[in-house]
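> Structure provided below as C-alpha coordinates; questions to follow.
The values are calculated or read from the model by the stated rules, or taken from the named source; none is laboratory data. None of the values given here were measured: they were computed from a predicted structure. Here the Cβ positions follow ideal geometry from the backbone for every residue, glycine too, while neighbour counts run over all protein chains shown. Just so you know, the surface numbers come from the protein's heavy atoms only, side chains and all, with ligands and any DNA or RNA stripped out. Shrake-Rupley method; radii C 1.70, N 1.55, O 1.52, S 1.80 Å.
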Amino acid sequence: MMDIDELPAARVVSRTWDVIVVGAGPAGSMAARVLAGSGLSVLLVDQAAYPRWKVCGCCVNPFALNLLAGAGLGDLMRRCGAVPLQRMRLAARRHQADVMIHGWQALSRERLDAALVESAVRRGALFLSRTHVSLGSESPHARTVVLHHDNAQVEAAAKLILAANGLGSRLLVSECRGDLGNYPGSRIGAGVVTDTAPDFYQAGIVYMAYGTGGYIGMVRLEDGRLNLAAALDVNFVRQAHSAGGAAERLIREVGWPAVPGLLDLRWRGTPALTRQPTRTTGERILAVGDAAGYVEPFTGEGIGWAMASGLAVTSVAVRAVRAWDPLVAENWASIQGYCRSRCRRLCRAMAWLSRRPTLSRVMIGIVNRLPRLANPLLKEVARGGGYRGILRLGALSDGEYDVPAQAE
Ligand SMILES: Cc1cc2nc3c(=O)[nH]c(=O)nc-3n(C[C@H](O)[C@H](O)[C@H](O)COP(=O)(O)OP(=O)(O)OC[C@H]3O[C@@H](n4cnc5c(N)ncnc54)[C@H](O)[C@@H]3O)c2cc1C
(Lines give C-alpha, C1' and ligand atoms only; values in the text may rest on other atoms or scores of the structure.)
Protein backbone atom coordinates (compact mmCIF):
# COMPACT_ATOMS: atom_id res chain seq x y z
CA MET A 1 0.00 0.00 0.00
CA MET A 2 1.42 3.34 -0.92
CA ASP A 3 0.78 6.96 -0.23
CA ILE A 4 1.05 9.16 -3.23
CA ASP A 5 4.09 10.93 -1.77
CA GLU A 6 5.97 7.62 -1.70
CA LEU A 7 5.56 7.29 -5.46
CA PRO A 8 7.37 9.04 -8.25
CA ALA A 9 4.45 11.24 -9.40
CA ALA A 10 5.43 10.39 -12.95
CA ARG A 11 4.36 6.80 -12.37
CA VAL A 12 0.81 7.97 -11.79
CA VAL A 13 0.41 10.95 -14.08
CA SER A 14 2.57 10.34 -17.13
CA ARG A 15 0.28 7.73 -18.62
CA THR A 16 -3.35 7.09 -19.43
CA TRP A 17 -4.59 4.28 -17.19
CA ASP A 18 -7.08 1.80 -18.54
CA VAL A 19 -9.13 2.10 -15.35
CA ILE A 20 -8.99 4.27 -12.25
CA VAL A 21 -11.08 2.78 -9.43
CA VAL A 22 -12.17 5.33 -6.83
CA GLY A 23 -12.75 3.64 -3.47
CA ALA A 24 -11.19 0.46 -2.11
CA GLY A 25 -14.19 -1.17 -0.43
CA PRO A 26 -15.35 -4.63 -1.54
CA ALA A 27 -16.79 -3.28 -4.83
CA GLY A 28 -13.68 -1.33 -5.85
CA SER A 29 -11.10 -3.93 -4.81
CA MET A 30 -12.95 -6.82 -6.47
CA ALA A 31 -13.24 -4.87 -9.71
CA ALA A 32 -9.57 -3.80 -9.52
CA ARG A 33 -8.44 -7.39 -8.87
CA VAL A 34 -10.29 -8.88 -11.85
CA LEU A 35 -9.46 -6.04 -14.24
CA ALA A 36 -5.75 -6.02 -13.33
CA GLY A 37 -5.73 -9.82 -13.63
CA SER A 38 -7.09 -9.58 -17.15
CA GLY A 39 -4.17 -7.42 -18.19
CA LEU A 40 -5.55 -3.88 -17.85
CA SER A 41 -3.58 -1.14 -16.11
CA VAL A 42 -5.51 -0.29 -12.94
CA LEU A 43 -5.03 2.46 -10.38
CA LEU A 44 -7.03 1.87 -7.17
CA VAL A 45 -7.35 4.93 -4.92
CA ASP A 46 -8.88 5.48 -1.48
CA GLN A 47 -9.02 8.57 0.69
CA ALA A 48 -8.58 6.56 3.90
CA ALA A 49 -5.36 5.29 5.46
CA TYR A 50 -5.42 1.48 5.26
CA PRO A 51 -6.27 -0.66 7.08
CA ARG A 52 -9.38 1.44 7.67
CA TRP A 53 -12.40 0.92 9.89
CA LYS A 54 -15.86 1.66 8.56
CA VAL A 55 -19.42 1.60 9.87
CA CYS A 56 -20.62 -1.92 9.12
CA GLY A 57 -22.18 -4.90 10.88
CA CYS A 58 -19.17 -7.00 9.70
CA CYS A 59 -21.32 -10.07 8.95
CA VAL A 60 -20.35 -11.74 5.69
CA ASN A 61 -23.10 -13.91 4.25
CA PRO A 62 -22.81 -17.12 2.20
CA PHE A 63 -23.41 -15.24 -1.08
CA ALA A 64 -20.35 -13.04 -0.43
CA LEU A 65 -18.30 -16.06 0.63
CA ASN A 66 -19.24 -17.81 -2.62
CA LEU A 67 -18.16 -14.79 -4.60
CA LEU A 68 -14.80 -14.79 -2.81
CA ALA A 69 -14.36 -18.48 -3.63
CA GLY A 70 -15.24 -17.87 -7.28
CA ALA A 71 -12.68 -15.07 -7.45
CA GLY A 72 -9.94 -17.41 -6.19
CA LEU A 73 -10.07 -16.01 -2.65
CA GLY A 74 -11.68 -19.01 -0.98
CA ASP A 75 -9.17 -19.00 1.89
CA LEU A 76 -9.21 -15.23 2.55
CA MET A 77 -11.63 -15.35 5.47
CA ARG A 78 -9.79 -18.19 7.18
CA ARG A 79 -6.42 -16.47 6.73
CA CYS A 80 -7.88 -13.33 8.32
CA GLY A 81 -9.21 -15.29 11.32
CA ALA A 82 -12.92 -14.72 10.57
CA VAL A 83 -15.34 -15.95 13.24
CA PRO A 84 -17.92 -18.53 12.06
CA LEU A 85 -21.45 -17.49 13.04
CA GLN A 86 -24.02 -20.00 14.24
CA ARG A 87 -26.95 -17.99 15.51
CA MET A 88 -28.78 -14.70 15.18
CA ARG A 89 -30.51 -13.53 18.36
CA LEU A 90 -33.41 -11.20 17.53
CA ALA A 91 -35.05 -9.10 20.26
CA ALA A 92 -37.80 -6.47 20.54
CA ARG A 93 -39.40 -5.23 23.75
CA ARG A 94 -37.99 -8.01 25.93
CA HIS A 95 -39.08 -10.78 23.55
CA GLN A 96 -36.31 -12.71 21.85
CA ALA A 97 -35.78 -15.55 19.43
CA ASP A 98 -32.71 -17.46 18.28
CA VAL A 99 -32.43 -18.34 14.61
CA MET A 100 -29.77 -20.74 13.34
CA ILE A 101 -27.66 -19.33 10.52
CA HIS A 102 -25.40 -21.46 8.36
CA GLY A 103 -22.24 -20.45 6.58
CA TRP A 104 -22.03 -16.84 7.83
CA GLN A 105 -18.81 -15.33 9.20
CA ALA A 106 -17.82 -12.17 11.07
CA LEU A 107 -14.70 -10.24 10.13
CA SER A 108 -13.65 -6.65 10.85
CA ARG A 109 -13.73 -4.36 7.85
CA GLU A 110 -10.13 -3.36 8.63
CA ARG A 111 -9.00 -6.93 7.87
CA LEU A 112 -11.47 -7.78 5.11
CA ASP A 113 -10.94 -4.65 3.05
CA ALA A 114 -7.14 -4.62 3.51
CA ALA A 115 -6.99 -8.27 2.39
CA LEU A 116 -9.07 -7.46 -0.71
CA VAL A 117 -6.80 -4.53 -1.57
CA GLU A 118 -3.74 -6.76 -1.18
CA SER A 119 -5.31 -9.31 -3.51
CA ALA A 120 -5.84 -6.59 -6.14
CA VAL A 121 -2.25 -5.40 -5.75
CA ARG A 122 -1.00 -8.98 -6.15
CA ARG A 123 -2.82 -9.11 -9.51
CA GLY A 124 -1.03 -5.95 -10.63
CA ALA A 125 -3.21 -2.99 -9.55
CA LEU A 126 -1.40 0.03 -8.10
CA PHE A 127 -2.97 1.19 -4.83
CA LEU A 128 -2.83 4.71 -3.42
CA SER A 129 -4.22 5.37 0.06
CA ARG A 130 -4.91 8.71 1.81
CA THR A 131 -5.79 10.23 -1.55
CA HIS A 132 -9.14 11.89 -2.16
CA VAL A 133 -10.41 11.85 -5.75
CA SER A 134 -12.55 14.39 -7.56
CA LEU A 135 -13.51 14.43 -11.21
CA GLY A 136 -11.53 16.35 -13.78
CA SER A 137 -12.15 17.13 -17.40
CA GLU A 138 -13.31 14.99 -20.30
CA SER A 139 -11.45 14.47 -23.54
CA PRO A 140 -12.35 12.30 -26.53
CA HIS A 141 -10.07 9.46 -25.37
CA ALA A 142 -9.88 9.76 -21.60
CA ARG A 143 -11.26 11.20 -18.42
CA THR A 144 -9.14 12.93 -15.83
CA VAL A 145 -9.45 12.83 -12.07
CA VAL A 146 -7.77 15.06 -9.54
CA LEU A 147 -5.87 13.23 -6.80
CA HIS A 148 -5.74 15.28 -3.60
CA HIS A 149 -3.15 14.29 -1.04
CA ASP A 150 -2.30 16.48 1.95
CA ASN A 151 -2.09 19.91 0.38
CA ALA A 152 -0.92 18.74 -3.01
CA GLN A 153 -2.91 17.69 -6.03
CA VAL A 154 -2.11 16.03 -9.33
CA GLU A 155 -4.20 14.95 -12.30
CA ALA A 156 -4.38 11.41 -13.63
CA ALA A 157 -6.15 10.18 -16.75
CA ALA A 158 -7.99 6.94 -17.51
CA LYS A 159 -10.14 5.47 -20.26
CA LEU A 160 -12.67 4.53 -17.61
CA ILE A 161 -13.41 5.65 -14.05
CA LEU A 162 -15.20 3.27 -11.69
CA ALA A 163 -16.92 5.20 -8.90
CA ALA A 164 -16.78 2.65 -6.06
CA ASN A 165 -16.73 5.27 -3.35
CA GLY A 166 -19.63 4.10 -1.25
CA LEU A 167 -22.79 5.52 0.23
CA GLY A 168 -23.39 9.18 -0.59
CA SER A 169 -20.90 9.25 -3.46
CA ARG A 170 -20.75 12.73 -4.91
CA LEU A 171 -18.63 11.96 -7.96
CA LEU A 172 -21.57 11.56 -10.31
CA VAL A 173 -23.62 14.26 -8.63
CA SER A 174 -21.02 16.82 -9.59
CA GLU A 175 -20.91 15.32 -13.07
CA CYS A 176 -24.59 15.25 -13.88
CA ARG A 177 -26.09 17.94 -11.68
CA GLY A 178 -28.20 15.08 -10.35
CA ASP A 179 -28.93 14.56 -6.70
CA LEU A 180 -27.99 11.97 -4.12
CA GLY A 181 -31.45 10.45 -4.27
CA ASN A 182 -32.10 10.50 -0.51
CA TYR A 183 -35.37 8.93 0.51
CA PRO A 184 -37.34 11.16 2.87
CA GLY A 185 -37.32 9.73 6.39
CA SER A 186 -34.40 7.42 5.61
CA ARG A 187 -32.48 6.21 8.63
CA ILE A 188 -28.81 6.95 9.12
CA GLY A 189 -26.12 4.44 10.02
CA ALA A 190 -23.83 4.66 13.04
CA GLY A 191 -21.17 2.36 14.38
CA VAL A 192 -18.38 1.82 16.85
CA VAL A 193 -16.18 -0.98 18.15
CA THR A 194 -15.31 -1.63 21.80
CA ASP A 195 -13.00 -3.97 23.67
CA THR A 196 -14.94 -3.76 26.94
CA ALA A 197 -18.23 -5.63 26.51
CA PRO A 198 -19.98 -8.01 28.94
CA ASP A 199 -19.40 -11.76 28.51
CA PHE A 200 -23.12 -12.02 27.68
CA TYR A 201 -22.15 -11.10 24.09
CA GLN A 202 -20.60 -14.33 22.82
CA ALA A 203 -18.54 -15.04 19.73
CA GLY A 204 -20.52 -16.78 16.99
CA ILE A 205 -23.84 -15.02 17.73
CA VAL A 206 -25.22 -11.91 15.99
CA TYR A 207 -27.29 -9.84 18.45
CA MET A 208 -30.04 -7.73 16.80
CA ALA A 209 -32.11 -5.40 18.99
CA TYR A 210 -35.15 -3.68 17.44
CA GLY A 211 -36.68 -0.66 19.15
CA THR A 212 -38.73 2.47 18.71
CA GLY A 213 -36.08 4.58 16.97
CA GLY A 214 -34.15 1.97 15.01
CA TYR A 215 -32.16 -1.19 15.51
CA ILE A 216 -28.65 -2.24 16.41
CA GLY A 217 -26.56 -5.28 15.52
CA MET A 218 -23.65 -6.50 17.65
CA VAL A 219 -21.08 -9.18 16.89
CA ARG A 220 -17.70 -10.32 18.27
CA LEU A 221 -14.85 -9.84 15.80
CA GLU A 222 -11.78 -11.99 15.18
CA ASP A 223 -9.85 -10.21 17.97
CA GLY A 224 -12.65 -10.43 20.53
CA ARG A 225 -13.79 -6.80 20.24
CA LEU A 226 -17.52 -6.15 20.00
CA ASN A 227 -18.65 -4.40 16.80
CA LEU A 228 -21.83 -2.32 17.03
CA ALA A 229 -23.70 -1.04 13.95
CA ALA A 230 -27.07 0.68 14.01
CA ALA A 231 -29.71 2.16 11.72
CA LEU A 232 -31.32 5.06 13.53
CA ASP A 233 -34.09 7.57 13.00
CA VAL A 234 -32.59 11.05 12.95
CA ASN A 235 -35.12 12.30 15.53
CA PHE A 236 -34.33 9.39 17.84
CA VAL A 237 -30.62 10.33 17.78
CA ARG A 238 -31.58 13.95 18.54
CA GLN A 239 -33.74 12.90 21.51
CA ALA A 240 -30.99 10.63 22.84
CA HIS A 241 -28.44 13.45 22.27
CA SER A 242 -26.00 11.15 20.44
CA ALA A 243 -25.66 7.89 18.54
CA GLY A 244 -24.17 6.35 21.71
CA GLY A 245 -27.24 7.46 23.70
CA ALA A 246 -29.55 5.98 21.04
CA ALA A 247 -27.64 2.68 21.11
CA GLU A 248 -27.86 2.53 24.92
CA ARG A 249 -31.65 2.98 24.73
CA LEU A 250 -32.09 0.25 22.11
CA ILE A 251 -30.08 -2.23 24.20
CA ARG A 252 -31.94 -1.26 27.41
CA GLU A 253 -35.35 -1.63 25.70
CA VAL A 254 -34.71 -5.30 24.91
CA GLY A 255 -33.27 -5.99 28.39
CA TRP A 256 -29.72 -7.00 27.36
CA PRO A 257 -26.70 -6.03 29.51
CA ALA A 258 -25.42 -2.50 28.95
CA VAL A 259 -22.19 -2.14 27.01
CA PRO A 260 -20.03 0.16 29.18
CA GLY A 261 -18.84 3.52 27.91
CA LEU A 262 -21.10 3.76 24.84
CA LEU A 263 -21.55 7.50 25.40
CA ASP A 264 -17.81 8.14 25.50
CA LEU A 265 -16.81 6.07 22.47
CA ARG A 266 -16.12 7.80 19.16
CA TRP A 267 -19.15 6.84 17.06
CA ARG A 268 -19.05 7.33 13.34
CA GLY A 269 -22.10 8.02 11.24
CA THR A 270 -23.16 7.57 7.64
CA PRO A 271 -25.36 9.64 5.34
CA ALA A 272 -29.00 8.57 4.81
CA LEU A 273 -28.98 4.82 4.20
CA THR A 274 -31.71 4.53 1.58
CA ARG A 275 -30.88 6.41 -1.55
CA GLN A 276 -31.12 6.10 -5.26
CA PRO A 277 -28.85 8.60 -7.05
CA THR A 278 -30.44 10.03 -10.15
CA ARG A 279 -27.40 9.02 -12.20
CA THR A 280 -25.19 5.97 -11.84
CA THR A 281 -23.22 6.49 -15.04
CA GLY A 282 -21.58 9.45 -16.74
CA GLU A 283 -19.10 10.13 -19.54
CA ARG A 284 -16.53 7.33 -19.06
CA ILE A 285 -17.77 6.74 -15.48
CA LEU A 286 -19.69 3.79 -14.05
CA ALA A 287 -20.84 3.62 -10.41
CA VAL A 288 -20.58 0.30 -8.55
CA GLY A 289 -21.50 -0.96 -5.08
CA ASP A 290 -23.15 1.44 -2.63
CA ALA A 291 -22.22 4.39 -4.85
CA ALA A 292 -24.94 3.19 -7.24
CA GLY A 293 -27.59 3.19 -4.48
CA TYR A 294 -28.45 1.37 -1.27
CA VAL A 295 -31.63 0.12 0.35
CA GLU A 296 -31.96 -0.06 4.15
CA PRO A 297 -32.46 -2.16 6.22
CA PHE A 298 -29.25 -4.12 6.34
CA THR A 299 -29.89 -7.80 6.30
CA GLY A 300 -26.19 -8.60 6.01
CA GLU A 301 -26.18 -8.25 2.24
CA GLY A 302 -24.29 -5.06 1.39
CA ILE A 303 -20.81 -6.60 1.22
CA GLY A 304 -22.03 -9.38 -1.09
CA TRP A 305 -23.95 -6.94 -3.27
CA ALA A 306 -20.89 -4.68 -3.50
CA MET A 307 -18.63 -7.58 -4.48
CA ALA A 308 -21.15 -8.83 -7.06
CA SER A 309 -21.45 -5.36 -8.54
CA GLY A 310 -17.64 -4.95 -8.63
CA LEU A 311 -17.25 -8.32 -10.33
CA ALA A 312 -20.06 -7.87 -12.81
CA VAL A 313 -18.88 -4.45 -13.97
CA THR A 314 -15.62 -5.95 -15.21
CA SER A 315 -16.93 -7.25 -18.52
CA VAL A 316 -18.70 -3.95 -19.18
CA ALA A 317 -15.47 -2.16 -18.20
CA VAL A 318 -13.34 -4.21 -20.61
CA ARG A 319 -15.66 -3.14 -23.45
CA ALA A 320 -15.62 0.48 -22.27
CA VAL A 321 -11.81 0.53 -22.21
CA ARG A 322 -11.65 -0.83 -25.76
CA ALA A 323 -14.06 1.83 -27.03
CA TRP A 324 -16.25 4.10 -24.96
CA ASP A 325 -19.84 4.08 -26.10
CA PRO A 326 -22.78 5.59 -24.20
CA LEU A 327 -24.57 2.27 -24.79
CA VAL A 328 -22.06 0.68 -22.41
CA ALA A 329 -23.26 3.06 -19.71
CA GLU A 330 -26.89 2.36 -20.53
CA ASN A 331 -26.24 -1.36 -20.35
CA TRP A 332 -24.62 -1.02 -16.90
CA ALA A 333 -27.39 1.24 -15.59
CA SER A 334 -30.04 -1.26 -16.62
CA ILE A 335 -28.17 -4.19 -15.02
CA GLN A 336 -27.90 -2.27 -11.73
CA GLY A 337 -31.51 -1.11 -11.92
CA TYR A 338 -32.77 -4.65 -12.45
CA CYS A 339 -30.88 -5.99 -9.42
CA ARG A 340 -31.93 -3.16 -7.14
CA SER A 341 -35.59 -3.36 -8.07
CA ARG A 342 -35.58 -7.06 -7.11
CA CYS A 343 -33.94 -6.25 -3.75
CA ARG A 344 -36.27 -3.40 -2.98
CA ARG A 345 -39.41 -5.46 -2.39
CA LEU A 346 -37.85 -7.54 0.38
CA CYS A 347 -36.01 -4.59 1.90
CA ARG A 348 -39.13 -2.42 1.94
CA ALA A 349 -41.05 -5.16 3.73
CA MET A 350 -38.25 -5.54 6.29
CA ALA A 351 -37.95 -1.77 6.75
CA TRP A 352 -41.71 -1.49 7.26
CA LEU A 353 -41.59 -4.23 9.92
CA SER A 354 -38.55 -2.76 11.69
CA ARG A 355 -40.44 0.53 12.12
CA ARG A 356 -43.24 -1.24 14.04
CA PRO A 357 -41.74 -2.49 17.32
CA THR A 358 -45.02 -4.05 18.52
CA LEU A 359 -45.40 -6.05 15.33
CA SER A 360 -41.67 -6.91 15.40
CA ARG A 361 -42.17 -8.20 18.93
CA VAL A 362 -45.11 -10.37 17.80
CA MET A 363 -43.09 -11.70 14.85
CA ILE A 364 -40.14 -12.46 17.12
CA GLY A 365 -42.51 -14.28 19.48
CA ILE A 366 -43.74 -16.40 16.56
CA VAL A 367 -40.20 -17.07 15.29
CA ASN A 368 -39.22 -18.07 18.83
CA ARG A 369 -41.80 -20.83 18.71
CA LEU A 370 -41.33 -21.71 15.03
CA PRO A 371 -37.71 -20.76 14.13
CA ARG A 372 -38.08 -22.41 10.71
CA LEU A 373 -40.30 -19.54 9.61
CA ALA A 374 -37.15 -17.44 9.25
CA ASN A 375 -35.57 -19.92 6.82
CA PRO A 376 -37.01 -18.57 3.54
CA LEU A 377 -35.70 -15.08 4.36
CA LEU A 378 -32.27 -16.38 5.37
CA LYS A 379 -32.17 -18.50 2.22
CA GLU A 380 -32.99 -15.49 0.05
CA VAL A 381 -30.19 -13.46 1.71
CA ALA A 382 -27.73 -16.34 1.35
CA ARG A 383 -28.51 -16.54 -2.39
CA GLY A 384 -27.78 -12.85 -2.91
CA GLY A 385 -31.33 -11.49 -3.20
CA GLY A 386 -31.82 -9.46 -6.36
CA TYR A 387 -28.08 -9.57 -7.04
CA ARG A 388 -27.87 -13.30 -7.58
CA GLY A 389 -28.28 -12.92 -11.33
CA ILE A 390 -25.89 -10.01 -11.73
CA LEU A 391 -22.84 -12.08 -12.59
CA ARG A 392 -24.69 -13.69 -15.46
CA LEU A 393 -26.13 -10.37 -16.65
CA GLY A 394 -22.70 -8.78 -16.48
CA ALA A 395 -21.21 -11.79 -18.33
CA LEU A 396 -17.80 -11.77 -16.68
CA SER A 397 -14.66 -12.00 -18.72
CA ASP A 398 -13.58 -15.63 -19.11
CA GLY A 399 -10.91 -17.06 -16.91
CA GLU A 400 -10.90 -14.37 -14.23
CA TYR A 401 -13.93 -15.58 -12.34
CA ASP A 402 -15.79 -18.86 -11.93
CA VAL A 403 -19.45 -18.32 -11.17
CA PRO A 404 -20.15 -20.77 -8.33
CA ALA A 405 -23.42 -22.65 -8.69
CA GLN A 406 -24.92 -21.29 -5.47
CA ALA A 407 -24.13 -17.70 -6.38
CA GLU A 408 -26.37 -17.72 -9.41
C1 LIG B 1 -24.80 0.39 9.82
C2 LIG B 1 -24.44 -0.53 8.69
C3 LIG B 1 -24.32 -1.91 8.92
C4 LIG B 1 -24.03 -2.77 7.86
N5 LIG B 1 -23.87 -4.10 8.12
C6 LIG B 1 -23.56 -4.95 7.10
C7 LIG B 1 -23.32 -6.35 7.36
O8 LIG B 1 -23.34 -6.82 8.50
N9 LIG B 1 -23.06 -7.15 6.29
C10 LIG B 1 -23.01 -6.66 5.01
O11 LIG B 1 -22.81 -7.45 4.08
N12 LIG B 1 -23.19 -5.34 4.76
C13 LIG B 1 -23.44 -4.48 5.77
N14 LIG B 1 -23.57 -3.14 5.52
C15 LIG B 1 -23.41 -2.65 4.14
C16 LIG B 1 -21.93 -2.60 3.71
O17 LIG B 1 -21.15 -1.96 4.70
C18 LIG B 1 -21.81 -1.83 2.39
O19 LIG B 1 -22.86 -2.21 1.55
C20 LIG B 1 -20.47 -2.09 1.70
O21 LIG B 1 -19.40 -1.66 2.48
C22 LIG B 1 -20.44 -1.37 0.36
O23 LIG B 1 -19.18 -1.54 -0.23
P24 LIG B 1 -18.62 -0.51 -1.31
O25 LIG B 1 -17.35 -1.11 -1.80
O26 LIG B 1 -19.68 -0.15 -2.27
O27 LIG B 1 -18.32 0.83 -0.49
P28 LIG B 1 -17.49 1.07 0.83
O29 LIG B 1 -17.17 -0.18 1.52
O30 LIG B 1 -18.23 2.12 1.58
O31 LIG B 1 -16.11 1.69 0.29
C32 LIG B 1 -16.06 2.96 -0.29
C33 LIG B 1 -14.65 3.49 -0.17
O34 LIG B 1 -14.54 4.68 -0.95
C35 LIG B 1 -13.68 5.59 -0.28
N36 LIG B 1 -13.98 6.92 -0.80
C37 LIG B 1 -15.14 7.62 -0.68
N38 LIG B 1 -15.08 8.78 -1.37
C39 LIG B 1 -13.84 8.82 -1.92
C40 LIG B 1 -13.17 9.77 -2.75
N41 LIG B 1 -13.79 10.87 -3.21
N42 LIG B 1 -11.89 9.52 -3.09
C43 LIG B 1 -11.26 8.39 -2.67
N44 LIG B 1 -11.85 7.44 -1.91
C45 LIG B 1 -13.13 7.65 -1.55
C46 LIG B 1 -14.00 5.38 1.19
O47 LIG B 1 -12.91 5.78 2.02
C48 LIG B 1 -14.26 3.87 1.25
O49 LIG B 1 -13.10 3.15 1.63
C50 LIG B 1 -23.85 -2.26 6.56
C51 LIG B 1 -23.96 -0.88 6.33
C52 LIG B 1 -24.23 -0.02 7.38
C53 LIG B 1 -24.29 1.45 7.12
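> Using θ = phi - 60° and the Karplus relation 6.51 cos²θ - 1.76 cosθ + 1.60, list the HN-Hα couplings for the stretch 80-87 in order, rounded to whole Hz, with x at every Gly or Pro.
Karplus-based 3J(HN,Hα) across the stretch 80-87 equals 7, x, 3, 9, x, 10, 10, 9 Hz.
> Show that you can apply the helix-only estimate: for the chain, add -39,500 (n - 2.57) for every DSSP H stretch of four or more residues, divide by all residues, and state [θ] at 222 nm to the nearest 500.
-11000 deg cm²/dmol
> May I ask you to compute the full-extension gain from residue 53 to residue 13, defined as 0.36 nm times their residue separation minus their alpha-carbon distance, rounded to one decimal in nm?
Extra length available between residue 53 and residue 13 comes to 11.5 nm.
> Still on this structure, please answer the following. Starting from the amide H of residue 135, placed 1.01 Å from N in the peptide plane, find each other amide H under 5 Å away whose residue is 5 or more places distant or on another chain.
Amide H to amide H, under 5 Å and 5 or more residues apart or across chains, residue 135 pairs with 146.
> Can you pull the accessible area of residue 338 for me, 1.4 Å probe, Å² to the nearest 10?
100 Å²
> Using a Förster distance of 56 Å, how high is the FRET efficiency between residue 325 and residue 102, based on the Cβ-Cβ distance and rounded to 0.05?
Using R0 = 56 Å, I get an efficiency of 0.80.
> Give me the accessible area of residue 327, 1.4 Å probe, in Å² rounded to the nearest 10.
Counting only protein heavy atoms, residue 327 exposes about 110 Å² to solvent.
> Net charge around residue 25, counting only other residues with Cβ within less than 9 Å of its Cβ (Lys, Arg = +1; Asp, Glu = -1)?
Taking every Cβ under 9 Å from that of residue 25, the sum is -1.
> Then there is this: For 88, 218, give the ranking by accessible area with the largest first, probe 1.4 Å.
Correct descending sequence by accessible area is 88, 218.
> Using amide H atoms built 1.01 Å from N in the peptide plane, name the residues 5+ places from residue 204, or on other chains, whose amide H lies under 5 Å from its own.
Amide H to amide H, under 5 Å and 5 or more residues apart or across chains, residue 204 pairs with 220.
> If you rank 195, 325, 46 by how much accessible surface each has, with a 1.4 Å probe, what is the order from largest down?
195, 325, 46
> Also, I was wondering about something else. Can you tell me the convex hull volume per residue for the chain, based on C-alpha atoms, in Å³ to the nearest whole number?
Details: hull volume 52.6 nm³, N = 408.
Normalising the Cα hull of the chain by residue number yields 129 Å³.
> Follow-up. Given the alpha-carbon gyration tensor of the stretch 259-371, what are the semi-axes of its equivalent ellipsoid in whole angstrom, ordered largest first, with each equal to the square root of 5 times an eigenvalue?
36, 18, 12
> Let me ask you something else. Using only the Cα atoms of the stretch 1-151, what are the Rg and Dmax in Å?
18.5, 62
> On to the next question. Can you work out ³J(HN,Hα) from phi for every residue in the stretch 366-376, in order, using Karplus 6.51 cos²θ - 1.76 cosθ + 1.60 and θ = phi - 60°, giving whole Hz and x for Gly and Pro?
Whole-Hz 3J(HN,Hα) from phi for the stretch 366-376: 5, 5, 4, 7, 10, x, 5, 4, 7, 4, x.
> Give the accessible area for residue 59 in Å² (nearest 10); use a 1.4 Å probe, count only protein heavy atoms, and leave out ligands, DNA and RNA.
20 Å²
> Express the accessible area of the chain per residue in Å², computed with a 1.4 Å probe while the remaining protein chains stay in the model.
41 Å²
> Roughly to the nearest percent, how much of the accessible area of the chain is carbon and sulfur, given a 1.4 Å probe?
52 percent
> Also, I was wondering about something else. P(r) for the stretch 32-106, please, calculated from all Cα pair distances in 10 Å bins and given in %.
All Cα pairs considered, the percentages come to 14, 32, 34, 14, 5, 1.
> Next up: Rounded to whole Å and sorted largest first, list the principal axis extents of the Cα atoms in the stretch 202-281.
For the stretch 202-281, the Cα spread along each principal axis is 43, 32, 22 Å.
> Against the longest alpha carbon principal axis of the chain, how many degrees, from 0 to 90 and to the nearest 10, is the axis of helix 109-122 turned?
That helix lies at roughly 20 degrees to the long axis.
> Plugging the Kirkwood radius over Cα pairs into Stokes-Einstein for the stretch 25-71, at a temperature of 20 °C and a viscosity of 1.002 mPa s, what D comes out in µm²/s?
171 µm²/s
> Okay, next question. Let me check something: with ligands and nucleic acids excluded, how do 54, 379 order by accessible area (1.4 Å probe), largest to smallest?
My answer, sorted largest first, is 379, 54.
> Ok, one more. Give the dimensionless ratio obtained when the Cα radius of gyration of the stretch 194-238 is divided by 2.2 N^0.38 Å.
Normalised Rg, Cα atoms only: 1.26.
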